[in-house]
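Report on the structure given below.
The values are calculated or read from the model by the stated rules, or taken from the named source; none is laboratory data. The structure displayed is predicted, hence computed values, not measured ones. Every residue, glycine among them, receives a Cβ derived from its backbone with ideal geometry; neighbour counts consider all protein chains shown. Surface areas here come from the heavy atoms of the whole protein model, side chains and all, with no ligands, DNA or RNA. Shrake-Rupley method; radii C 1.70, N 1.55, O 1.52, S 1.80 Å.
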Amino acid sequence: MVHPVDTVNYDPLSAGVSTVAPINTALGQLSYAITQLQNSGGGTVTVTAGESLAARDTGYVNPADNKLYAIDADAAPALAGATRGFVQAAVSASASATLVYSGIMSGFSGLTAWQYVYADTTSAGTITQTRPAPSLDSGQMAIVPMGVAISATQILILPSNMDLGIRYQARYSPALDETITVQHGKNTDGFGRVYRAYVTQDMGPTQYGSSNQDSDVAIQGPSGAGATESSGTQSGHSGYIGDTGGVDYRMAQSFQMSAAGAISQFTFTLLANTGTPTGDLGWEIRDNNAGKPGSTVLESGSIANASVTASAQNTVNITNGAYLAASTTYWLVLYSTVANEATNNKWNWQAKLSGTYANGNRAYSSNGGTSWTTDAVDHTFTVTTSAVTSNDSLAQGVQVSSVTSVKSVKLWLRKSGTPAGNLTVKIETDSSGSPSGTVVTNGTSATVAASSLATSYGWIEFTFSTPPSLSASTQYHLVLETTDTQSNTNYVEWGADGSSPSYASGEMKHERSATWSAESKDAVFKVISDGIEYINPVMVDWWSSTRADMVAQAGDSGSADGDTKSTFKCKASAGFADVTVEVVI
């Protein structure tokens, strides 16, 4: 059978049907549809404003009171709804407002044509063309599609080919049977609610892992000249470290430094051993608690048995030591690492009854350090601290291998005491290996309150309202700044690798009085690309299923609030380091 030739689309050179004409036809139809929308002005609805709104704010009609509100995509649940669009003109609360829910709206600026537009998660009522994504362990957010930009100033609102569902998402690191509850808009149709989960990870073009951290660098932190504190030579008595009559003893000596600094060395003098101790000699620098060794260990380590010298002074050197304040009581603790030395096998720490050291005294423990007894004895020791100078700012050099749009930067930080200022990260260009003072376009992050940090290290995320773009194989610097002033007790520390720094594309530096100097370390950091890598979807099944790594149910973990909450439970025996869960309504 001979088919009729398509004389419009037939290409005699290839003896086939050309695809050019159908594409041109489709584009012509789209152009016609857009023209019609422009001429019609789109769909609008008149509704009472529940709050004051600006022109072109994203808005939704809340069915609870039938009023118009700004969309807030990072609330829990997100404040959004099926009837949504853009506010036509500024309006006061309780006044009559017009919501444009379809068609073309003008008056925007800086849009990229033919890219999606979403409700922004950083500020209610605003928009973004960067698809929102949740951060690990930072609460939930929603992906709320609004339309497609058709020019730098116009948005085609809610086109028919767009998935109009709102995705309520949260991201966490669950262990076996750990749950998380996502709050969402009201949904009473169980078949209309979709549960999904994804193994996720940040798209990090460059980083230096937290497992490398072995030292701390403070910003606007401690300052001191350093000093050496000595008990002088005490003699005529000893303190037992090890077993005496079947009881294991630990010994401690308190001391105070005349000037603040970072501990760099201590010494202690031993007399002849009793028997033959078999353990290593453990040591700690502890804080003070009511005149006895406290629970906070500032520094610790051990000396191999073969390196402990009896009838001599023993020296321990410390690199990147903890800060010791002036005129503050600390404790040097010595103990055997073998809990039960053979009877009467011990080291003997040289001491003197009714000691002559004015700034401390001895304490001993016969129950592994659970409790301590003090007496009027002093051991022979010295403690040395090195000078410490406060850093005004800190920086880490970085490079990326390809052009990168940066969503955020994560730093490995902790606080000491109660710093009250705000932290900021700036991405600066390079000047002879140091930050130049010139910030890349959009390279200043949102602030993070220093008070929100924990006293133990964790990843602290600094986000950029508009992602800055970094060029490939170009030196940049992550500069950490704070509004806090210098304090010996209230400050922030950036975790770093001081023993074997191996990040090849930059180094850590500190700034003092407008001069940058090397730390001979690498700071722990992550540069996060503008987006999330979804590695694999995770099968989600019903709550009692044994066939999936993630199960879900309507309601919270107690099955309450089934219309507005959904709960996920991890059933993977090893858990997940990073998983995003999603409810689509």
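Global size of segment 280-360: 14.3, 40 Å for Rg and Dmax (C-alpha atoms, Rg to one decimal, Dmax whole). Shown here: segment 422-548, whose C-alpha atoms stretch 63, 40, 34 Å along the first, second and third principal axes, sorted largest to smallest. If you bin all the Cα-Cα distances of the chain at 10 Å, starting from zero, the percentages per bin are 3, 13, 17, 17, 17, 13, 8, 5, 3, 2, 1, 0. Can you flag which of K526/K569; K410/K509; K67/K565; K426/K509; K407/K565; K292/K346 are past 19 Å Cα-Cα? In this structure, K526/K569; K67/K565; K407/K565; K292/K346 exceed 19 Å between Cα atoms. Seen against the Cα atoms of the chain and their longest principal axis, helix 20-40 is set at about 90 degrees. Near A342, once Lys and Arg are set to +1 and Asp and Glu to -1 for all other residues with Cβ below 13 Å from its Cβ, the sum equals -2. Solvent exposure of segment 263-314 amounts to 45 Å² per residue of accessible area, where only protein heavy atoms count and the probe is 1.4 Å. Taking the convex hull of the alpha carbon positions in segment 42-90 and averaging its projected area over all directions gives 3.4 nm².
Calculated on C-alpha atoms, the gyration radius of segment 240-388 divided by its Kirkwood radius gives an Rg/Rh of 0.94.
Under the simplified labelling scheme, the S173-S230 pair shows an inter-label distance of 4.7 nm, with each label point 7 Å from Cα along Cα→Cβ. Considering the zone a paramagnetic label at S354 would reach in this model (a point 7 Å from Cα along the Cα-to-Cβ line), which residues of segment 232-260 have amide N under 20 Å from it? Only 232-239 fall inside the zone, counting backbone N under 20 Å. By the Cα gyration tensor, segment 319-461 has an equivalent ellipsoid whose semi-axes, rounded to whole angstrom, run 48, 18, 16 from largest to smallest. The convex hull around the C-alpha trace of segment 249-307, projected and averaged over every direction, spans 5.5 square nanometres. Charges were assigned to the Cβ only: +1 to each Lys and Arg, -1 to each Asp and Glu. The resulting dipole of the chain about its Cα centre is roughly 360 debye.
Solvent-accessible surface of segment 329-483, averaged per residue with a 1.4 angstrom probe and all protein chains in place: 39 square angstrom.
Relative to its Kirkwood radius, the Cα radius of gyration of segment 91-218 gives an Rg/Rh of 1.06. The candidates H237, H184, arranged from most to least accessible area with a 1.4 Å probe in the full protein assembly, appear as H237, H184. Near K569: Cβ cut-off under 9 Å, other residues only, Lys/Arg at +1 and Asp/Glu at -1. The net charge is -1. Under the convention that each Lys and Arg Cβ holds +1 and each Asp and Glu Cβ holds -1, the size of the dipole of segment 401-534 around its Cα centre is about 180 debye. Only Cα pairs under 8 Å and 6+ residues apart enter the sum, and on that basis the relative contact order of the chain stands at 18 percent. For the chain, the mean residue ellipticity at 222 nm estimated from helices alone is -1000 deg cm²/dmol, where every DSSP H run of n ≥ 4 contributes -39500 (n - 2.57) and the total is divided by all residues, rounded to the nearest 500. The Rg/Rh ratio for segment 165-206, using Cα coordinates for both the radius of gyration and the Kirkwood hydrodynamic radius, is 1.04. Here the Kirkwood formula puts the hydrodynamic radius of segment 477-530 at 13.0 Å, using every distinct Cα pair.
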